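Values quoted throughout were computed directly from the atomic coordinates according to the rules given, and no laboratory measurement underlies them. Small disclaimer: the values here were computed from a predicted structure and weren't measured. Cβ placement follows ideal geometry from the backbone for every residue including glycine, while neighbour counts extend to all protein chains displayed.
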Amino acid sequence: MSVQMVNVLVPPAVREPRGAVWVGHAVTAALAAIRGTRKNLRSTLAARRAAGERAALLAMASRYRASQPEFAKDLYAAACNDRRG
C-alpha cells in the first residue's frame, strides 16, 4: 500500500479584536458583581423580615402576659426558638 501526501488548505483562525474581548470580560465581571449584590440584598432583607416577625411575637407575648400567661409563654418560646432554626 502506498502513502500519499495530501495538502489541505485551511484558512487562518480568526482572532477576536482585543477591545471586544476586554469589553466582554468587563461586562461579565459587572454582571457577576450585580448578582452577588442582589444575593446579599436578598439575604439581608430575609434576616430583617425574620427579626421583625420575632419582634412582633415578643410584643404580642408582652400584651398577653397579664391576661393569658400560658399563651404568652408559648409566644415567647416560639420567638426564642425561631433563632435556632
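Is it true that some residue in the stretch 9-19 is in a helix (DSSP H, G or I) and without any contact (Cβ under 8 Å) to a residue 24 or more places away in the chain? Full working, then the answer.
Filtering the stretch 9-19 down to residues in a helix (DSSP H, G or I) leaves 18-19.
Add one more test, that the residue is without any contact (Cβ under 8 Å) to a residue 24 or more places away in the chain, and what stays is 18-19.
Yes, the stretch 9-19 has at least one match.
Taking the conditions exactly as written (without any contact (Cβ under 8 Å) to a residue 60 or more places away in the chain and more than 31 Å from the chain's Cα centre (by Cα)), does residue 54 satisfy them or not?
Details: without any contact (Cβ under 8 Å) to a residue 60 or more places away in the chain: yes; more than 31 Å from the chain's Cα centre (by Cα): no.
Criteria not met by residue 54.
Taking the stated definitions as given, is residue 30 under 20 Å from the mean Cα position of the chain (by Cα) and surrounded by 13 or more Cβ atoms within 10 Å (Cβ to Cβ)? Please lay out each step first, then the result.
Values: under 20 Å from the mean Cα position of the chain (by Cα): yes; surrounded by 13 or more Cβ atoms within 10 Å (Cβ to Cβ): no.
Spelling it out, it is not the case that residue 30 is under 20 Å from the mean Cα position of the chain (by Cα) and surrounded by 13 or more Cβ atoms within 10 Å (Cβ to Cβ).
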